[in-house]
Amino acid sequence: MTITFKPLWKLLIDHDITREDLRHQTGLSPATIAELGRGGNVTTDVLAQICQALKCDIAKIREVAPNE
C-alpha cells in the first residue's frame, strides 16, 4: 500500500490555491512541499498544518492506494 497526496492537489485546484499559497498559509518549507509533490514521507504535524490551513479532515488530503 502507498499513501498518495493526489486528493490534496485536487483540493488545491478546486479552491484555486497554488502550492506556493499553501506554503505561505502553512509556513511549510519549499522542501516539504516538494516532498509532498513526490509522494514522500512527511510528519503528521505537516499533515495537521495543512488540514488546519484548509479547514479539512486528513481524509481529504491523502489516500491509500494499492501497490502496482
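Read-outs: derived from the displayed coordinates by stated rules, not from any lab. All of these numbers come straight from a predicted model, not from anything done at the bench. So basically every Cβ, Gly included, is an ideal-geometry build from the backbone, and we count neighbours across all protein chains shown.
Worth a mention:
- Computed lengthening from GLN52 to HIS24, 0.36 nm per intervening residue step minus Cα-Cα distance: 8.8 nm
- Take the Cβ atoms of ASN41 and ILE17, set R0 to 35 Å, and the FRET efficiency comes out at 0.95.
- Relative intensity, log₁₀ I(q)/I(0), of the chain from a Debye sum that treats every alpha carbon as a point, q = 0.17, 0.20, 0.28 Å⁻¹: -0.55, -0.76, -1.55
- Dividing the summed -39500 (n - 2.57) terms of all DSSP H runs of n ≥ 4 by the residue count of the chain sets its mean residue ellipticity at 222 nm at -15000 deg cm²/dmol.
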